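Worksheet: the structure to be examined is printed underneath.
The values are calculated or read from the model by the stated rules, or taken from the named source; none is laboratory data. Model, not experiment: these values are computed from the prediction. Note that each Cβ is placed from the backbone with ideal geometry, even for glycine, and that neighbours are counted across all protein chains shown.
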């Protein structure tokens, strides 16, 4: 206790250092344990997760006006989602037995979505395999709408298709090499398989079986 006319006893350097260090530790704990997790989603000490403070952080939300999109961003389909694998055997180019080229398509409704990937094995040069990805409406005998999505050479393709119209959509494959080839096709989405012999599957391909059983007897 001090009285008038007296100067209080100053703190020793050691005590001042201890107080400063303590304040720094407390401030650091507050910053790293509370402020960073709650305000910036940073949790270097793990205290934000332990205390639940990290759940207070949220990014600023910027609304997106879906009415400005040219196509519907969310769709519903009458048919269920499905996945299929198709193995398509092709004979060498110019084989006397034929079978070095064919088409395989699936039936889709307008705006339905198909996700696909395919690859052709045993092609020594990628330009020796040709594909034409396209679709067309089912002809009524008068006219048929046709859309070509891509024509190229190569041994694989991955992508997605939104059908521009009701019809059949898929690939024409042509083996231009001298090897026997198997095309492995994987598809998923909203579509129907075309029965062997019907439009889009005139080659009588059977899905979800090995290549040696993939062509139905005509």
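For region 111-143, a residue qualifies if it is part of a loop (DSSP other than H, G, I, E, B) and under 21 Å from the mean Cα position of the chain (by Cα), and the qualifying residues are 111, 112.
Does region 184-202 hold any residues that are buried (at least 19 other Cβ atoms within 10 Å of the Cβ) and in a strand (DSSP E or B), and which are they? Passing the criteria: 185, 187, 189, 193.
Does residue 73 meet the test of being in contact with a helix residue (DSSP H, G or I) (Cβ under 9 Å, 6 or more places away or on another chain), part of a loop (DSSP other than H, G, I, E, B) and surrounded by fewer than 15 Cβ atoms within 10 Å (Cβ to Cβ)?
Working: in contact with a helix residue (DSSP H, G or I) (Cβ under 9 Å, 6 or more places away or on another chain): yes; part of a loop (DSSP other than H, G, I, E, B): yes; surrounded by fewer than 15 Cβ atoms within 10 Å (Cβ to Cβ): yes.
Spelling it out, residue 73 is indeed in contact with a helix residue (DSSP H, G or I) (Cβ under 9 Å, 6 or more places away or on another chain), part of a loop (DSSP other than H, G, I, E, B) and surrounded by fewer than 15 Cβ atoms within 10 Å (Cβ to Cβ).
None of 154, 159 is surrounded by fewer than 18 Cβ atoms within 10 Å (Cβ to Cβ), under 24 Å from residue 123 (Cα atoms) and in contact with a helix residue (DSSP H, G or I) (Cβ under 6 Å, 6 or more places away or on another chain) except 154.
Kindly indicate whether residue 87 is in contact with a helix residue (DSSP H, G or I) (Cβ under 8 Å, 6 or more places away or on another chain), closer than 28 Å to residue 176 by Cβ and in a strand (DSSP E or B). Break it down stepwise before answering.
Values: in contact with a helix residue (DSSP H, G or I) (Cβ under 8 Å, 6 or more places away or on another chain): yes; closer than 28 Å to residue 176 by Cβ: yes; in a strand (DSSP E or B): yes.
For residue 87, the condition - in contact with a helix residue (DSSP H, G or I) (Cβ under 8 Å, 6 or more places away or on another chain), closer than 28 Å to residue 176 by Cβ and in a strand (DSSP E or B) - is met.
Among the residues of region 172-183, none qualifies, meaning not one is surrounded by 15 or more Cβ atoms within 10 Å (Cβ to Cβ), within 22 Å of residue 81 (Cα to Cα) and either at pLDDT 95 or above or more than 24 Å from the chain's Cα centre (by Cα) (or both).
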